[in-house]
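Below is one structure, written out as structure tokens; the observations come after it.
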Amino acid sequence: MKQHKVPLRKCVITNEQFPKRELIRVVKNKEGKVSVDLTGKLNGRGAYLKKDKKVILKAIKTKKLDRHLEITIPEEIYSDLLSLFENE
């Protein structure tokens, strides 16, 4: 049986490579709108973050995600990301 290749992506905060399904994608489309892409299929420039609350908090603190997407990330995006970890 043929084994499928697992796509790897790099977290922009930790610089670690993980399988695509273990990361959260934040996308900036052509209009400059930023959104959280849980499907991994939205059009636009994407940046990946590890599914970890500490990584999200570090992204807020360092503004590294802003620099990577070359746009100021709205606070709603960060709150959406943090809401994914409310149950922890």
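Would segment 58-67 turn up any residue that is in contact with a Lys or Arg (Cβ under 7 Å, 6 or more places away or on another chain) and at pLDDT below 95? No.
Here residue 70 meets each of (1) surrounded by 18 or more Cβ atoms within 10 Å (Cβ to Cβ); (2) at positive phi with one exception, condition (1). Output the residue which, of all residues in segment 33-54 that are out of contact with any strand residue (DSSP E or B) (no Cβ under 7 Å at 6 or more places or on another chain) and basic (Lys, Arg), is surrounded by the most Cβ atoms within 10 Å (Cβ to Cβ). Checked segment 33-54; the qualifying residue surrounded by the most Cβ atoms within 10 Å (Cβ to Cβ) is 53. As a summary of the residue check, residue 58 satisfies the conditions (1) touching a Leu at 6+ places or on another chain (Cβ under 7 Å); (2) within 14 Å of residue 85 (Cβ to Cβ); (3) touching a residue at least 40 places away in the same chain (Cβ under 8 Å) except for the one numbered (1).
For residue 57, the criteria (1) outside any loop (DSSP other than H, G, I, E, B); (2) exposed (fewer than 12 other Cβ atoms within 10 Å of the Cβ) hold in every case but one, which is (2).
The values are calculated or read from the model by the stated rules, or taken from the named source; none is laboratory data. Quick caveat, the model's predicted, so the values are computed rather than measured. In this analysis, Cβ positions are derived from the backbone assuming ideal geometry, glycine residues included, and neighbour counts consider all displayed protein chains.
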